[in-house]
Structure formats: structure tokens, C-alpha cells
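What follows is a short report on a single structure.
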Amino acid sequence: MNSNGMNNTALILVILGAINWLLIGLFSFDLVGSIFGGQLSAISRIVFVIVGIAGLWSINLLFKDKVPKHHSV
């Protein structure tokens, strides 16, 4: 998977994680936990870890256009 694919996948996961946090904050409803058997189930924890890694990966999107590109002559 190329960098654009990884960036898009990470961004989708971060958005889904944000929606889950919105539901938790507004309605005390954990969508991931309810789908995968509770917050402490192994599958839910794996999903939370994957979303967290996607969030860390997405940090590079903040600096993507700010890094000067070297042009070969």
C-alpha cells in the first residue's frame, strides 16, 4: 500500500474513532464496545489499538505540505 493509501486508511480510522468518542460523550454509548462485545473484550481492544496507531500515523498529515521538497536539477 502506498503512502496515500495509508494516509487515507488512517484518516478513515481516526474519523471513526472520533465518531465513537462523540457517541460516548453525548450518549454514553460505545459503538465499538457494543459491536465487539464490550470495552474490555479482546477484539474491542485490538480495534482501539488500531485506531490509536492510525492517530499516530496521522500526525504526519499535519506536516505533509510543510516539509520542503528537494528538487533535483
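Taking (1) outside any helix (DSSP H, G or I); (2) in contact with a helix residue (DSSP H, G or I) (Cβ under 7 Å, 6 or more places away or on another chain); (3) aliphatic (A, V, I, L, M) in turn, residue 23 satisfies each apart from (1).
For residue 52, the conditions (1) exposed (fewer than 13 other Cβ atoms within 10 Å of the Cβ); (2) closer than 26 Å to residue 3 by Cα all hold with the exception of (1). Could we say that residue 58 is farther than 30 Å from residue 2 by Cα, polar (S, T, N, Q) and surrounded by 13 or more Cβ atoms within 10 Å (Cβ to Cβ) here? The answer is no for residue 58.
Screening residue 28 with (1) over 30 Å from residue 65 (Cα atoms); (2) among the hydroxyl-bearing types (Ser, Thr, Tyr); (3) surrounded by 13 or more Cβ atoms within 10 Å (Cβ to Cβ) gives one miss only, at (3).
Values in this text are rule-based calculations from the coordinates and carry no lab data. The structure displayed is predicted, hence computed values, not measured ones. Counting neighbours? That spans all protein chains shown, and the Cβs are built from the backbone with ideal geometry, glycine included.
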